[in-house]
Amino acid sequence: MFREHRELISQLKQSDRHFGRLFEDHNVLDQRIQNAESGQEHLGALELEILKKQKLLLKDQIYAILQEKSRA
C-alpha cells in the first residue's frame, strides 16, 4: 500500500500514534478479509462487505495524512 510513501509511512508509524493506529487497524482488516476470502474465517456476505468498506475508509484516511505530510 502506497509504495511511493514507504519512507514517510515508516517515519509516521514511529512518530504519530494516530497514524500508527490507523495503519495497524487497516492491516488487521486486510488480514481478516484475506482470511474470509480464502475460507480460513467464516463471515457472512454483509459482514465481509462492511469490513471492506471500513478498510477503504481507513485507507482514505491514511492517504489524506500522507498527502498532507508530504506537502509539508
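Read the figures in this text as sums done on the coordinates, not as results from a lab. Treat the numbers as computed from the prediction; the structure is a model and nothing was measured. Cβ coordinates were reconstructed from backbone atoms using ideal geometry, including for glycine residues, and neighbour counts include every protein chain displayed.
Overview of results
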| read-out | value |
| --- | --- |
| Amide proton proximity set for Glu41, modelled H, under 5 Å, gap of 5+ | Ala36 |
| Glu68/Leu48 FRET efficiency (R0 30 Å; Cβ-Cβ; nearest 0.05) | 0.45 |
| Highest to lowest packing among 35-42, 7-14, 55-62, scored as the average C-beta count within 10 Å | 55-62, 7-14, 35-42 |
| Kirkwood Rh and Cα Rg combined as Rg/Rh, the stretch 17-65 | 1.03 |
